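The values are calculated or read from the model by the stated rules, or taken from the named source; none is laboratory data. The shown structure was predicted, so the numbers you read here are calculated from the model rather than taken from an experiment. With ideal geometry, Cβ positions are generated from the backbone for all residues, glycine too; neighbour counts draw on all protein chains shown. Only protein heavy atoms, including side chains, enter the accessible area calculation; ligands, DNA and RNA are left aside. Shrake-Rupley method; radii C 1.70, N 1.55, O 1.52, S 1.80 Å.
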Amino acid sequence: SKIVFIVFRHQNTTVQGVLTEEPDRVSQVMVRWAEGISRESIVLVDGIVQRPPPDQEEVHSTTIHQYEIKICKVRMVLQNPCLRD
């Protein structure tokens, strides 16, 4: 896969994050790793707030519809604590 969508939540507000494979910036391995991030995990993200591309509809799956975050880097801080043994 070359793209993954991640929903970020802060209290009751959600925003869509988009991570796309880009030569010399974001590897296919990073995109695949990001696909496996479990819900409610805590991550640290570097990204750019942007409007979705003109050929894409506004985001309907989050509370913020007009913007998304183009992810440049993502790091795991804490995996979902409910998944721990």
By residue number, the members of the range 21-36 that are open to solvent by less than 80 Å² (accessible area, probe 1.4 Å) and closer than 15 Å to Lys70 by Cα are Glu21, Glu22, Val26, Ser27, Met30, Val31, Ala34
Selection over the range 63-82 where residues are open to solvent by less than 50 Å² (accessible area, probe 1.4 Å), within 16 Å of Val7 (Cβ to Cβ) and either hydrophobic (A, V, I, L, M, F, W, C) or not in a strand (DSSP E or B) (or both) yields a count of 4
Answer yes or no as to whether Arg39 is among the basic types (Lys, Arg), outside any loop (DSSP other than H, G, I, E, B) and loosely packed, with under 15 Cβ neighbours inside 10 Å. no
Glu58: free of Cβ contacts under 8 Å to residues at least 40 places away in the same chain and touching a His at 6+ places or on another chain (Cβ under 7 Å), yes or no?
yes
Per the list (1) under 17 Å from Arg75 (Cα atoms); (2) without any contact (Cβ under 8 Å) to a residue 24 or more places away in the chain; (3) among the hydrophobic types (A, V, I, L, M, F, W, C), residue check on Phe8 breaks on (2)
